[in-house]
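Only one structure is covered here, and it is reproduced in the block below.
Values quoted throughout were computed directly from the atomic coordinates according to the rules given, and no laboratory measurement underlies them. Since we're looking at a predicted model, the values are computed, not measured. Cβ placement follows ideal geometry from the backbone for every residue including glycine, while neighbour counts extend to all protein chains displayed.
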Amino acid sequence: MGVLLNENTRLLIQGMGAAGAREARNSLDYGTKVVAGVTPGRGGQEIEGVPVFNTVRQAVDATGANASLIFVPAAGAADAILEASDSGIPVAICITEGIPVKDMVAVKRYLRGSTTRLIGPNCPGVINPMALARAGIMPVDVYMPGSVGVISRSGTLVYEAVDQLTRLGIGQSGSVGVGGDPIIGTSQREALELFENDPDTAAVVLIGEIGGTAEQEAAEYITQMKKPVAAFIAGATAPPGRRMGHAGAIIAGKAGTAEAKKLALLQAGAAIAQSPSQIGATMQTLLKERGLL
Amino acid sequence: MKLHEYQAKALLTRYGVPVPRGRVATTAEDAAAVASELGGPVVVKAQAHTGGRGKGGGVKLASSPAEARQAAADIIGMQLVTHQTGPQGLPVHSVLVEEQIEIARELYLSVIIDNSAGMPVVIASAAGGMDIEEVAATTPERIFQQRVDPTVGFQGYQARALAFATGLDGDLLRPATALMSALVRAFEENDSSLAEINPLVVTTDGRVLAADAKFSIDDNADYRQRPHFDARDRSQEDAREVEANDAGIENYVKLDGNIGCLVNGAGLAMATMDAIMFEGGSPANFLDIGTQNNPDAVVAALRIIGADPNVRAVLVNIFGGLARTDVIAEGVVIAKREGYIPQPTVVRLAGTNVEAGMKVLDDSGIDLLRADGFAEAARMAVQAAG
């Protein structure tokens, strides 16, 4: 089991440029079935031993691809997500950073009536270490199979949290990078639901950051969860009104502060890591308290 | 990026939103000329990217061209300090000279993106001219919202609902709803992330006008909103941030502390600042180097960090995913050799190509403080900064 990806995942990569080709290779080396690439105009070629097609539809028909990893540059990324959805891909994971918000407004609305779940954009992707299924850009060495799910807006903080867990001997059932943009396909709350319903997951790490109210919405769901949640919010020292790298990481109101988010998560019953170096330790304590370790 | 008020009003005018008559002036003489063109009393408003301009002395009333000249002479060239700018303030290079209007009522109107709904939302309130967040916190029942569904756009009934809710009825209904629709159109067609009219005024002679206007354009849309970005006023931004942007580093934010930070990934960069604070220190900047696999960008970033006179120590914290730690390490070595970062430098590398990265540092023979973990790195940097 695991969330979004499993043993039956057949991965397609849209945008087989340098990054796409490199991550195709990394995922293949990890053990993931990378079955196709799509780059318009390069159909018929092979890159990293993976057949390349002109359209997603052709790739799906020829290879049975059932998940797509998108590296298409920002100006064409919305188009790529819609193409994946229109071709019936159930899970589309968009790594691309810098997509105009207006494009994502249209994409989000279009996906509402479709069967495609979008992860990202501006995210590190998804990995299931139990199934050796990797659709993303994360370094695989830090992962260890286990039963903790990790959710994060930030890419590098996922690696950091997973590394801390692994060093403590706590394995992961998977990680989902939901993305750092204001409008994303799958919210933190929805990602929590995926892990709550996954039989292989025993507990969840949630890594949020300043800006917006997604952490408060996640906190509402945590009150209903059976599985324990440890959380960290990045950006306690960020000044208001400034965009901290991620387009979504800007404090526009009181709800957007790290303080407000930590309070909401604490009140919902999550264990809060006060320093980013304590994410792993906070989960370790939580697992011991619950008799899960 | 933000537009100046005069730019926002010019944009709104193109979409049919009524604004007070007026024009921007860059000299006192020019301001006097605008005042005499307008005839009658005027208001002279500092053009700077901040709210609270009036309290900071950036808005003055003038009843004659001579007074307008004097007001403009006082304002142009000032460093405008407000509750939003910090003690150094913002430079003022121009003023907007406008006719004074007879205000009967002040309202609030804006369009922003509702992240959760994934679409724009139009916000209206009869409580204008105030801090809207304060209104939302204390009297949320005075705030009205309508979402803009991208499949059909902003509808007439939605504009009417907002107008009736805020008392813009009777003869005001038509101009008010037309203004709202125009504002939404301007928001959408310009890849805006904020379009705010505060206050929206009803004049004593029954007109609806945008008395002030704030507009932000989505930075990600720069490639298709060239005219706005070409007219960007960089004097309103921190000089070091501008320098960083020019060097291809998008995500640098200058802060007040003394530990310079170079990190990959926005989340890790924020968390690094948090860890520094947790260890009792204070970050000098936020800097996400991103996934640039080119040592030149790292060198350029470290040069900017090292040149900040407040910086007493530098912390390089890299967890490689798409970014390669060996390339970052090469950049650090070059920056050290060139003398760009004379401050004690703590380096923590993990992730993609970390062995190669460590080797680059080892082989360089350069004096660096090496940290294994996150907390250790932050602690060492705080100690080194003293």
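Results, tabulated for the structure shown:
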| item | result |
| --- | --- |
| Charge sum, other residues only, whose C-beta stays under 15 Å from B:THR50's C-beta, Lys/Arg counted +1 and Asp/Glu -1 | -1 |
| Nearest-20 debye value, the protein assembly as shown charge dipole, Cβ charges on Lys, Arg, Asp, Glu | 500 |
| Cα principal axis extents for the stretch B:21-100, largest first, Å | 36, 19, 17 |
| Packing-based ranking, highest mean first, of B:167-177, A:199-209 given that Cβ atoms within 10 Å are counted | A:199-209, B:167-177 |
| Helix-only [θ]222 nm of chain B, DSSP H runs n ≥ 4, -39500 (n - 2.57) each, per residue, nearest 500 | -11000 deg cm²/dmol |
| Proximal charge balance of B:PRO65 [Cβ under 12 Å; K/R count +1, D/E count -1] | -3 |
| Distant alpha-carbon pairs in chain B (separation over 27 angstrom), percent | 58 |
| Partner lysines for B:LYS214 [C-alpha distance under 16 Å; skip if fewer than 8 residues away on the same chain] | B:LYS2, B:LYS9, B:LYS45 |
| Relative contact order of the stretch B:239-385, pairs being alpha-carbon contacts under 8 Å that are 6 or more residues apart, as % | 25 |
| Value of relative contact order over chain A, rounded to a whole percent, pairs C-alpha under 8 Å and six or more apart | 14 |
| Proxy reagent accessibility, fewest Cβ within 10 Å first, across B:LYS55, A:LYS261 | B:LYS55, A:LYS261 |
| Ratio of the Cα radius of gyration of the stretch A:1-122 to 2.2 N^0.38 Å, where N counts its residues | 0.97 |
| Residue exposure sequence - B:PHE319, A:PHE53 - by fewest surrounding Cβ within 10 Å | A:PHE53, B:PHE319 |
| Computed [θ] at 222 nm, deg cm²/dmol, chain A (DSSP H ≥ 4; -39,500 (n - 2.57); rounded to nearest 500) | -10000 deg cm²/dmol |
| Ordering of A:246-255, B:289-298 by packing [mean C-beta count within 10 Å, highest first] | A:246-255, B:289-298 |
| Whole-number percent relative contact order across chain B, with pairs defined as alpha carbons under 8 Å at least 6 apart | 12 |
| Shielding by partners - mean other protein chain Cβ count within 10 Å, residues of A:274-287 | 3 |
| 10 Å Cβ neighbours from other chains, averaged over peptide B:234-242 | 0 |
| Residue among A:ALA191, A:ALA77, A:ALA214 with the largest mean-square fluctuation in a Gaussian network model of chain A, springs linking Cα atoms under 10 Å | A:ALA214 |
| Residue-averaged beta-carbon neighbours from other chains (10 angstrom radius) around A:157-165 | 5 |
| GNM top mover of B:ASP219, B:ASP288, B:ASP246 - chain B, alpha-carbon springs below 10 Å | B:ASP246 |
| Gaussian network model of chain B, Cα within-10 Å springs - most flexible of B:VAL122, B:VAL42, B:VAL360 | B:VAL360 |
| Likely footprinting exposure, A:SER147, B:SER364, fewest C-beta neighbours within 10 Å first | B:SER364, A:SER147 |
| Average projection area in nm² (convex hull over Cα atoms of the protein assembly as shown, one quarter of hull surface) | 30.0 |
